[in-house]
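J.: Structure in structure tokens, see below.
The values are calculated or read from the model by the stated rules, or taken from the named source; none is laboratory data. This one's a predicted model, so the numbers in the text were calculated from it and none came from an experiment. Positions of Cβ are backbone-derived with ideal geometry, glycine not excepted, and every protein chain shown enters the neighbour counts.
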Amino acid sequence: MAKVSVLVPVYNVEKYLSRCLDSIINQTFQDIEIICINDGSTDDSAKILEAYQKLDSRIKIYHKENGGLSSVRNMGVKLAQGEYTIFVDSDDYISSVLVEKVYNNAIANDSDIVIFDYIWGTHNFNDRRILTISDFGKSFENNPFNIESIEPDMYKLIPVMTWCKMYKTSLIKDVLFWEDMVFEDVPYWAAVYSKAKKVTYLNEPLYFYLVGRSDQITYKRSDETFDTIKSYQRAEQSLKDAGHWERCKYSVQLLMMMDFLAKLNVIRDDLREKLYNAFKALDNDIDFDYYFKENYSEFERRSVKLYKLLTEVEYSEFQKLRAKV
């Protein structure tokens, strides 16, 4: 039985798949199983998987009808046999030392989750930047924390993305990704973080995250963008069920406000007013004054002011006034 399961969802990524698989099979830590799930690809992704399986027996291939990223991840977690699990999107790739460094951190601290930094880049990563939790996180490299023991503001500093973390497999076996929505990482992180007893942070960029693909979920401009509402509602409910909502709500609501405003900027022009009205119709019970009394950045304060304006005026008025905020 492998010590680490590496789950790779595959869907029409023939341009990137070889780079991804090369980065995984060439890990300095070799005791891994590589679970590749082909989610009904219509390009040559399946052929590439089969070629790599002949090169490395640790690669296990599964084929399924197209059902979306969440369905693939749920299937992968059921199949995972490693003590720990990581997720690698097939258009991304990882440092050759990722598994070794993160696994060693997990074992040294008996961590349920290890969070690590990543590199954000376009095309061949010529244009790239390192994204980190900041100096605030460095003190937790070998000092485990959890949602109850850490400052509530830590919630907004930890990226919600599934792939920048290693998880104890037993922790996530019964936590499912929502399959009826995109932006599923938001409620998934709320559920997993609520369960974890020991979380550590590795202050090193080990994952290479590709941005700029027109079909990438992050850049969805269609009506799927409305799933952002559902994602935060489910995250809130998960935190309430676990008894952590009152402690974390200011951070979660701040993330929600900033995310909603960002989605307004990227959605198709013909859907923007409809999305605006959907946000406006929500009853999120936000204490706007709280954010002006506490120590938040100017960007965060402006985001709160803009979202408060959104709740008060119609779309046409918002467009006229937003530049003055």
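J.: Got at least one residue in the range 289-307 being outside the structural domain of Pro159 (by TED's automatic domain parsing) and at positive phi?
T.: No; the residues of the range 289-307 include none that is outside the structural domain of Pro159 (by TED's automatic domain parsing) and at positive phi.
J.: Return the residues of the range 104-139 that are over 20 Å from the mean Cα position of the chain (by Cα), assigned to a loop (DSSP other than H, G, I, E, B) and at pLDDT 70 or above; say none if nothing qualifies.
T.: Asp110, Ser139
J.: Follow-up. Pairs please, first residue from the range 232-260 and under 18 Å from Ala196 (Cβ atoms) and in the same structural domain as Lys293 (by TED's automatic domain parsing), second anywhere and assigned to a helix (DSSP H, G or I) and among the hydroxyl-bearing types (Ser, Thr, Tyr), Cβ atoms under 6 Å, 6+ apart in sequence or on different chains.
T.: Ala242/Ser194; His244/Ser194; Cys248/Tyr155; Ser251/Tyr155
J.: If you don't mind, there's one more thing I want to ask. Among the residues of the range 263-305, what is the count of those that are among the aliphatic types (A, V, I, L, M) and loosely packed, with under 14 Cβ neighbours inside 10 Å?
T.: 2
J.: Any idea which of Lys64, Lys101, Lys54, Lys60 is under 22 Å from the mean Cα position of the chain (by Cα) and either surrounded by 23 or more Cβ atoms within 10 Å (Cβ to Cβ) or assigned by TED's automatic domain parsing to the domain that holds Tyr167 (or both)?
T.: Within the list Lys64, Lys101, Lys54, Lys60, the selection yields Lys101.
J.: Could you tell me which numbered condition Thr28 fails, if it satisfies all but one of (1) touching a strand residue (DSSP E or B) at 6+ places or on another chain (Cβ under 8 Å); (2) part of a loop (DSSP other than H, G, I, E, B); (3) surrounded by fewer than 17 Cβ atoms within 10 Å (Cβ to Cβ)?
T.: With (1) touching a strand residue (DSSP E or B) at 6+ places or on another chain (Cβ under 8 Å); (2) part of a loop (DSSP other than H, G, I, E, B); (3) surrounded by fewer than 17 Cβ atoms within 10 Å (Cβ to Cβ) applied to Thr28, the lone miss is (1).
J.: Quick check on this structure: which one of Ser18, Ser90 is surrounded by fewer than 21 Cβ atoms within 10 Å (Cβ to Cβ), among the hydroxyl-bearing types (Ser, Thr, Tyr) and assigned by TED's automatic domain parsing to the domain that holds Trp120?
T.: Only one candidate passes the filter, namely Ser18.
J.: Go through (1) surrounded by fewer than 19 Cβ atoms within 10 Å (Cβ to Cβ); (2) out of contact with any Lys or Arg (no Cβ under 8 Å at 6 or more places or on another chain); (3) not polar (S, T, N, Q) and name the single condition Met257 misses.
T.: Only one criterion in (1) surrounded by fewer than 19 Cβ atoms within 10 Å (Cβ to Cβ); (2) out of contact with any Lys or Arg (no Cβ under 8 Å at 6 or more places or on another chain); (3) not polar (S, T, N, Q) is unmet by Met257, namely (1).
J.: Another question, if that's okay. May I ask you to verify whether Val186 is at pLDDT 90 or above and in contact with a Lys or Arg (Cβ under 7 Å, 6 or more places away or on another chain)?
T.: Here the answer is no, as Val186 does not meet what is asked.
J.: I need a count of the residues in the range 1-50 that are under 28 Å from Val114 (Cβ atoms) and of a type in the set (Ser, Thr, Tyr).
T.: Total satisfying the criteria: 6.
J.: Additional query: Of the residues Glu273, Glu300, which single one is under 22 Å from the mean Cα position of the chain (by Cα) and closer than 22 Å to Phe183 by Cα?
T.: Criteria check complete, one pass: Glu300.
J.: Taking the range 179-195 only, how many residues are buried (at least 20 other Cβ atoms within 10 Å of the Cβ) and assigned to a loop (DSSP other than H, G, I, E, B)?
T.: Residues in the range 179-195 being buried (at least 20 other Cβ atoms within 10 Å of the Cβ) and assigned to a loop (DSSP other than H, G, I, E, B): 3 in total.
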